[in-house]
Amino acid sequence: MKKSKLSLSSKFVGLLMVVIALNGYAYYSILHNIYLEQLKAQAQTVVSNVEAFGAWVAGNGRVWVKDKDNNSFLSKAAFHPEGAPDSTVHFYSKNPALAQREFSEVVARSDSPAKFRMTSLNVMNPVNAPDEFEITALNSVKNSGKKEYYDFVGGSYRYAKAIYHSESCIGCHGDPAKAPADVISRYGEKNGFGFMEGDLAGVISVTIPSRKLYFNVLSFVGVKEIVIVIFSIFIVLLFVRIALINPIKKLTSAAHDISTGKETPINIDGIAENSRNEIHQLSLALNRMRTSSQVAIKKMREAEATTKDILAKAKAAIAKLKRDNNL
């Protein structure tokens, strides 16, 4: 296996970049989830307001409104204000579903970014026919039993909440033979009927414009935050350089000198024997190795000198013997 020739600092920088990238992706995913939850909370708030409005209308049976354009919606009644017996003011009643639909039309014309509508797979009014997303949502809540469905469609966050028929709904959406005559005359008796209490009525569909997440990130991440991140990375790199790389280089140079028998000082002043700093422990160990090497080298040199002295004496003795024998 080929060994890498990169320095420890280069490897650390590479590792740091990988860690930053992984953390950046993790933070991006967290922000994405937070953004989804915010959109979902907005949509749920819209649904809650619509349901509350519908419950208010249902609690009063119906709401009566003054006719402005002589348009008859459901049923009508005449009211004669006191003091004006010859003037007739017409009022028309609206059931919860109609009131909610007209409320959605008002919201659609407003500046509110969140729009809503009510729809079903069996709509009474063709205007309320579901679009592609709503068909998918209706089938999803029908088949899975879940009460909500959401997705991103065409740059918008779409949310659908299931609604169910209550007892007050069945009067208009149950048996067409028992439905109010004005409902039959306006919508006919083919669609929007046949429901029972507790059946899935449809969904409240909410549409909220969405933006790409990086646009949202840029909206609350400024120059100050970027500078802080860069500065924190610089601090980490500086720490690694001062606390690890430089000491290791010095100790490596000292170890090389020791291995060649050179006298080299190792600064261990102020380092406690029980220090938990790994560099300190390496310095102490290297200093002990230096001391042991120096002692060993000294003994080797003393032994070498003794050996030379013995050899010299032996040579002198042999030479003397040779001279004595010649005599």
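The values are calculated or read from the model by the stated rules, or taken from the named source; none is laboratory data. What you see is a predicted model, and the numbers here were worked out from it, not measured in a lab. Please note: Cβ atoms are built from the backbone with ideal geometry, for glycine as well, and neighbour counts cover all protein chains shown. The protein model used for the area step is the full one, side chains on, heavy atoms only, and it has no ligands, DNA or RNA in it. Shrake-Rupley method; radii C 1.70, N 1.55, O 1.52, S 1.80 Å.
Separation of the stretch 124-162 and the stretch 273-303 by C-alpha centroid, Å?
77
To the nearest 0.05, how large is the calculated FRET efficiency for I135 and E105 if R₀ is 22 Å and r is the Cβ-Cβ distance?
Calculated value: 0.55.
How about the stretch 223-307: which GluC sites (Glu not before Pro) there are in a DSSP loop, with at most 11 other Cβ atoms within 10 Å of their Cβ?
Filter output for the stretch 223-307: E263, E273.
Any idea how far apart M289 and V240 come out in nm if each label point goes 7 Å out from Cα toward Cβ?
With each label placed 7 Å out from Cα toward Cβ, I get 2.4 nm.
Find how much the distance from N23 to H256 grows on full extension, using 0.36 nm per residue of separation minus their present alpha carbon separation; answer in nm with one decimal.
79.9 nm
Just grab the label-to-label distance for S275 and A296, each label 7 Å out from Cα along the Cβ direction, in nm (one decimal).
A separation of 2.4 nm, rounded to one decimal place.
Straight-line reach from K313: which lysines have Cα under 18 Å away, leaving out those fewer than 8 places along the same chain?
Result set, ordered by chain and number: K322.
What area, in nm² and to one decimal, does the C-alpha convex hull of the stretch 272-327 cast on average over all directions? Write down the numbers at each step before the final one.
Details: hull surface 16.7 nm².
Convex hull of Cα atoms, orientation-averaged projection: 4.2 nm².
Run the numbers for H32 and D151: contour at 0.36 nm per residue of separation, minus the present Cα-Cα distance, in nm. Walk me through the numbers on the way to the answer.
Working: separation 119, 0.36 × 119 = 42.84 nm, distance 1.36 nm.
41.5 nm is the gain from fully extending H32 to D151.
Calculated from DSSP H runs of 4 or more alone, at -39500 (n - 2.57) each and per residue, what is the 222 nm mean residue ellipticity of the chain, nearest 500?
Calculated at 222 nm, the ellipticity per residue is -19000 deg cm²/dmol.
Could you state the orientation-averaged shadow area of the convex hull built on the Cα atoms of the stretch 143-259, in nm² to one decimal?
16.5
Under 24 Å between C-alpha atoms is the cut-off here; go through the stretch 236-301 and count lysine pairs that meet it, provided they're at least eight residues apart or on different chains.
Value for the stretch 236-301: 4.
With N set to the residue count of the stretch 1-40, report its C-alpha Rg divided by 2.2 N^0.38 Å to two decimal places.
Cα-based Rg divided by the globular estimate yields 1.90.
Please compute the modelled spin-label separation between I310 and V229, points set 7 Å along Cα→Cβ, answer in nm with one decimal.
It is 7.4 nm.
In the chain, which longest range has no trypsin sites (Lys or Arg not before Pro) that are both DSSP loop (not H, G, I, E or B) and surrounded by at most 13 other Cβ atoms within 10 Å?
69-145
Give me the percent of accessible area attributable to carbon and sulfur for the chain, probe 1.4 angstrom. Kindly include the intermediate steps, with their values, before the conclusion.
Working: 13620 of 22460 Å².
Of all accessible area on the chain, carbon and sulfur atoms account for 61 percent.
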